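Peer 1: Got a structure here, written out as structure tokens. Questions coming.
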Amino acid sequence: MRLPVAGMLLIVVLSWSVSVLAAENWTAFQAGQKIDAEPGVLAEPKLEWQIPLTGYGQSSPVIWNDQVFITSVLGSQKEECVVTAYKLADGSQIWQQKYANPAPEELTSYVSKAAPSPVVDESCLIVLFEGGVLVSLSHKGDLLWQRDLVDEFGKIGSRHGLSSSLEQ
């Protein structure tokens, strides 16, 4: 069955408008889109600021309004899980929260030091760490709720470390 030209045009316009509206916030890994091609690192716009991470992390930052949120881990066994918020305008730290890892694991060349990318929306930020720490925070850094998935369901089996975003 073929769609009339007007119907196809409507679909294209609606798809484009959703993309434009979603461009204001970067809410999850790959902005909630499945972007497979690297578009060019910092060709434009120019780099405004950069900061060193607390500990180590390979997660993607997420953005909500004027805040940037990032996760990282501390220690040779990822003993601490870290969530940090920065001002988008200048990179200054707004707040930082640390959580004990209930299932630390020695880092090797086979086990990554990655911390999964957080997700964010208008109500909260949610982060998951490899040790089973699942946390929801307000945009101000206040704890809304926390769960220990290892305690509830057992050890998370991963031969090379868990780094999946909740969005995936």
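Each value in this text was obtained by applying a stated rule to the coordinates, not by laboratory testing. Everything quoted here is computed from the prediction, not taken from an experiment. So basically every Cβ, Gly included, is an ideal-geometry build from the backbone, and we count neighbours across all protein chains shown.
Peer 1: Would you pull out the residues with amide H under 5 Å of Glu79's amide H, same chain only if 5 or more places away, H placed 1.01 Å from N?
Peer 2: Leu74
Peer 1: For the stretch 98-106, take each phi angle, set θ = phi - 60°, evaluate the Karplus expression 6.51 cos²θ - 1.76 cosθ + 1.60, and give the result in whole Hz per residue in order, putting x for glycine and proline.
Peer 2: 10, 10, 5, 7, x, 9, x, 9, 4
Peer 1: Further, regarding this structure: If I take R0 = 30 Å and measure r between the Cβ atoms of Leu134 and Trp49 in this structure, what FRET efficiency does the formula 1/(1 + (r/R0)^6) give, to the nearest 0.05?
Peer 2: Values: r = 30 Å, r/R0 = 1.01.
That pair, Leu134 with Trp49, gives E of 0.50.
Peer 1: Could you derive backbone 3J(HN,Hα) for the stretch 55-66 from the dihedral phi with the Karplus parameters 6.51, -1.76 and 1.60 (θ = phi - 60°), listing whole Hz in sequence and x where the residue is Gly or Pro?
Peer 2: Each residue's phi maps through the Karplus curve to give x, 10, x, 10, 7, 7, x, 10, 10, 9, 6, 9 Hz.
Peer 1: Tell me, in nm to one decimal, what length is gained between Ser123 and Asp148 on full extension, where the rule is 0.36 nm per residue of separation less the Cα-Cα distance?
Peer 2: Extra length available between Ser123 and Asp148 comes to 6.9 nm.
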